[in-house]
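Asks: For reference, the structure I am asking about is given below.
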Amino acid sequence: MTHQSGACASQVRQERKMQFGFRVKQLREKREWTQKELADRLDVSVSYISKVENERLHFGDYPSAKFIRKLADELEADEDELLLLADKVPEGLRKRIRENPEAFRQFASLDDRAMSKLLTKAGAR
């Protein structure tokens, strides 16, 4: 198992968060909503939506899983996708990992080619 340095791990988290904000913006724009319209639907400030989309949130401000579920519902988006982009593990996946952690460790250790082959064989691709 490799060990990531603190700076490298932080950079990976930031990239994932940037994907989350970008995806929220894409989904909002697809619905042709302003930030204010989305904020009103979620009962949050326009500035919070702007911070989410532009990755300007401080550590304690990052959306909770509950907020992300509500956001996904309003945007008619894939809840699991948004949760994962925000570095949160969806409950169903968390439950399966707890039931069989070794299987997930083995899966995570596969290289891209082996993982793709396994997913194709399982009918997921």
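The values are calculated or read from the model by the stated rules, or taken from the named source; none is laboratory data. Keep in mind it's a predicted model, so treat the numbers as computed, not measured. Here the Cβ positions follow ideal geometry from the backbone for every residue, glycine too, while neighbour counts run over all protein chains shown. Accessible surface areas use protein heavy atoms only, side chains included; no ligands, DNA or RNA. Shrake-Rupley method; radii C 1.70, N 1.55, O 1.52, S 1.80 Å.
Asks: Mean 1/r over all different Cα pairs, inverted: what Kirkwood radius does the chain give, in Å?
Replies: Numbers: mean 1/r = 0.0609 Å⁻¹.
In the chain this quantity evaluates to 16.4 Å.
Asks: On to the next question. With a point put 7 Å past each Cα toward its Cβ, work out how far ASP40 is from ASN54 in nm, to one decimal.
Replies: 2.2 nm
Asks: Here's another thing I want to ask about it. Counting only GluC sites (Glu not before Pro) that sit in a DSSP loop (anything but H, G, I, E, B) with at most 11 other Cβ atoms within 10 Å, what is the longest stretch of the chain containing none of them?
Replies: Looking at the chain, 77-125 is the longest stretch - no exposed GluC sites (Glu not before Pro) with at most 11 other Cβ atoms within 10 Å.
Asks: If you take every residue apart from LYS66 with its C-beta less than 12 Å away from the C-beta of LYS66, what net charge results, scoring Lys and Arg +1 and Asp and Glu -1?
Replies: Charge balance in the 12 Å sphere: 0.
Asks: Follow-up question, since we're still on this one. Once you've got the Cα coordinates, tell me which of LYS25/LYS70; LYS70/LYS95; LYS30/LYS121; LYS36/LYS70 are over 24 Å apart.
Replies: Over 24 Å Cα-Cα: LYS30/LYS121.
Asks: Please compute the contact order of the chain in relative form: average sequence separation of alpha-carbon pairs under 8 Å and at least six residues apart, divided by the residue count, as a percent.
Replies: Averaging sequence separation for qualifying contacts and normalising by length gives 22 percent for the chain.
Asks: Then there's this: Would you mind telling me the share, in percent, of accessible area of the chain contributed by carbon and sulfur at probe 1.4 angstrom?
Replies: 50 percent
Asks: Subtracting the Cα-Cα distance from 0.36 nm times the residue separation, let me have the gained length for ALA65 to MET115 in nm, one decimal.
Replies: Gain in length upon complete extension: 15.2 nm.
Asks: How long is the gain from LYS30 to ARG125 if the chain were fully straight, where each residue apart is worth 0.36 nm and the alpha carbon distance is subtracted? Before the final figure, lay out the partial values.
Replies: Details: separation 95, 0.36 × 95 = 34.20 nm, distance 2.61 nm.
Full extension from LYS30 to ARG125 adds 31.6 nm.
Asks: Excluding ligands, DNA and RNA, what is the solvent-accessible area per residue of the chain at a probe of 1.4 Å, expressed in Å²?
Replies: Heavy-atom SASA per residue in the chain reads 73 Å².
Asks: Once you've got the GNM for the chain with C-alpha springs shorter than 10 Å, pick whichever of ALA39, ALA114, ALA103 has the biggest mean-square fluctuation.
Replies: Judging by the Gaussian network model, the answer is ALA114.
Asks: Further, regarding this structure: In deg cm²/dmol, rounded to 500, what helix-only [θ] at 222 nm does the chain give when every DSSP H run of at least 4 residues adds -39500 (n - 2.57) and the total is split over its residues? Could you put the intermediate results ahead of the total?
Replies: Values: 8 runs with 87 residues, N = 125.
It lands at -21000 deg cm²/dmol.
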